[in-house]
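A.B. asks: Here's a structure for you.
Rule-based calculations on the coordinates, nothing more; no lab input. Only a predicted model underlies this, so the values are computations on that prediction, with no experimental measurement involved. Using ideal geometry, Cβ is built from the backbone for each residue, glycine included, and neighbour counts are taken over all protein chains shown.
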Amino acid sequence: MEFFKQMSVSTKTESTGNIQNSSEHVKCLIIGSGPAGYTAAIYASRANLKPLLYEGLEPGGQLTTTTEVDNFPGYPEGITGPAMMEDLKKQAERFGADIRFGIATKVDFNKLPHKVWIDDDKLIEADAVIIATGATAKYLGLESEEKFKGSGVSACATCDGFFYKGQDVAVVGGGDTACEEASYLAGICKKVYLIVRKDFLRASKAMQERVYKTKNIEVLFQHTPKEIIGDTSGVNGVILTKAKGENVTILITGFFVAIGHQPNSDIFKPFIETDETGYIKTIPGCSKTNIEGVFACGDVQDKHYRQAITAAGSGCIAAIDAERYLSEP
């Protein structure tokens with residue numbers, strides 16, 4: 001109980017009609033979970049910042065939708081995404097992090113302390129804020145796509161490609177990301193179908209040449225996924241609609257969607273600088289944003305790698321940056 005007393009440096013309740021709006025002041029607020037948020041919480045707790053972390057809409061982040069994770073150091077036998085996130089959460093709690101369920105719905109970074117509203121109700125005032133809200137992979141919206149997520153449908157070839165070694169797979173998309181995913185999978189899989197809705201690739205010339213020169217990549221222009229088919233063992237094919245309306249079925253075991261990600265940064269945009277896609281801009285070499293005392297880590301500011309290990313590393317950086325900021329006279 002003493003820990004929670006220390007967390008609530010100042011607490012007050014304001015009554016507005018029938019709604020009770022409470023506020024709380026903390027040294028360090030972490031918005032979002034996943035590898036970045038939980039790692040930031042581990043380091044911030046060990047630095048005695050007494051961090052408060054709100055998990056967001058998807059506690060544990062995108063990895064909770066992944067089955068096996070084989071490329072995160074320290075798990076020689078592999079581990080499921082949800083189990084790994086639970087391990088990171090428990091480790092953060094072991095050092096005293098206060099982890100709660102709640103969604104940040106509004107912020108005010110105009111002056112210190114920074115203000116963040118949770119679920120449109122509770123106000124958190126924080127001396128330092130670490131944003132770790134991640135990015136959401138864009139999917140096609142097919143009902144069968146949702147059905148086979150984690151059982152043959154993936155949005156990350158680097159994460160899941162290994163499980164399809166020597167098999168036939170498909171990648172959907174026509175930009176640089178899709179071409180990069182297809183090229184990566186071509187080094188692992190027997191054959192890669194690159195499914196492109198238009199009659200051309202949007203990728204850079206260099207990436208296009210790389211795809212065309214790779215013998216086991218077949219580009220299917222003017223094809224649109226209609227339905228992913230499979231059984232209890234997972235995906236075993238996809239039905240495509242060609243430009244003239246006729247359907248064709250290709251046999252695959254892995255279906256990779258590479259049509260982009262959407263960083264979860266909308267509520268911060270009135271204050272925090274982002275790029276044209278919405279990724280938060282940080283000062284190179286650190287996690288600092290354009291707002292004093294606000295730091296960003298994980299996929300919300302990383303449009304290049306988007307790996308669990310890089311997210312965790314950036315969470316460490318953000319916590320150290322926040323500790324140094326708070327210790328300044």
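A.B. asks: Rounded to the nearest 20 Debye, what is the dipole magnitude of the chain about its Cα centre when Lys and Arg each give +1 and Asp and Glu each give -1 at the C-beta?
C.D. replies: 680
A.B. asks: Subtract the Cα-Cα distance of Y139 and D121 from 0.36 nm times their separation in residues, and report this length gain in nm to one decimal.
C.D. replies: Extending this stretch completely gives an extra 3.3 nm.
A.B. asks: Something else: Long-range amide H contacts for T274: which residues qualify at under 5 Å (H placed 1.01 Å from N, peptide plane, sequence gap of 5 or more or a different chain)?
C.D. replies: When sequence neighbours closer than 5 places are left aside, the close amide H contacts are K281.
A.B. asks: Hey, rough spin-label estimate for F200 and Q167, points 7 angstrom out along Cα→Cβ, what's it come to in nanometres?
C.D. replies: Label at F200, label at Q167, 3.5 nm between them.
A.B. asks: Could you tell me which of rounded, prolate or oblate describes region 143-284, using a ≥ b ≥ c as the square roots of the eigenvalues of the alpha-carbon gyration tensor, with rounded for a/c under 1.5 and, failing that, prolate when a/b is larger than b/c and oblate otherwise?
C.D. replies: Because a/c hits 1.5 or more and a/b exceeds b/c, region 143-284 counts as prolate.
A.B. asks: Taking K and R as +1 and D and E as -1, what net charge do the other residues with C-beta under 13 Å from the C-beta of K205 add up to?
C.D. replies: So the environment of K205 carries a net charge of +1.
A.B. asks: Return a whole-number percent for the relative contact order of region 139-257, with Cα pairs under 8 Å and 6 or more residues apart as the contact set.
C.D. replies: Contact order relative to length: 30 percent.
A.B. asks: Once the Cβ-Cβ distance between I283 and D176 is put in as r, and R0 is 30 Å, what FRET efficiency do you end up with, to the nearest 0.05?
C.D. replies: Approximately 0.75, to the nearest 0.05.
A.B. asks: Starting at the first residue of region 161-177, write each ³J(HN,Hα) from the Karplus equation 6.51 cos²θ - 1.76 cosθ + 1.60 with θ = phi - 60°, in whole Hz, x for Gly and Pro.
C.D. replies: Rounded to whole hertz, the list is x, 4, 6, 10, 4, x, 10, 9, 9, 10, 10, 9, x, x, x, 4, 4.
A.B. asks: Amide H of V26: which non-local residues (sequence gap of 5 or more, or other chain) have their own amide H closer than 5 Å, using H built in the peptide plane?
C.D. replies: The answer is E125, A126, D127.
A.B. asks: Show me, for region 260-271, the HN-Hα J-couplings you get by feeding each phi into the Karplus relation (A = 6.51, B = -1.76, C = 1.60, θ = phi - 60°), rounded to Hz, glycine and proline as x.
C.D. replies: x, 10, 10, x, 8, 10, 4, 5, 8, 4, x, 10
A.B. asks: Counting pairs of alpha carbon atoms under 8 Å apart in space and at least six apart in sequence, what relative contact order in percent does the chain give?
C.D. replies: Computed over the chain, the figure is 19 percent.
A.B. asks: Kindly rank 82-91, 309-318, 200-209 from highest to lowest mean number of other beta carbons found within 10 Å of each residue.
C.D. replies: In decreasing order of mean packing, 82-91, 309-318, 200-209 become 309-318, 82-91, 200-209.
A.B. asks: If you don't mind, another one. Can you give the calculated 222 nm mean residue ellipticity of the chain, where each DSSP H run of n ≥ 4 adds -39,500 (n - 2.57) and the sum is split over every residue, rounded to the nearest 500 deg cm²/dmol?
C.D. replies: Only helices count here, giving -7500 deg cm²/dmol.
A.B. asks: Here is a further query. Show me 29-42, 68-81, 130-143, 278-291 ranked by packing, highest mean number of other Cβ atoms within 10 Å first.
C.D. replies: Per-residue Cβ counts within 10 Å, averaged per peptide and sorted highest first, yield 29-42, 130-143, 278-291, 68-81.
A.B. asks: Would you mind checking region 168-202 for residues with the amide N under 20 Å from a putative spin-label position 7 Å along Cα→C-beta of E246?
C.D. replies: Only 194-200 fall inside the zone, counting backbone N under 20 Å.
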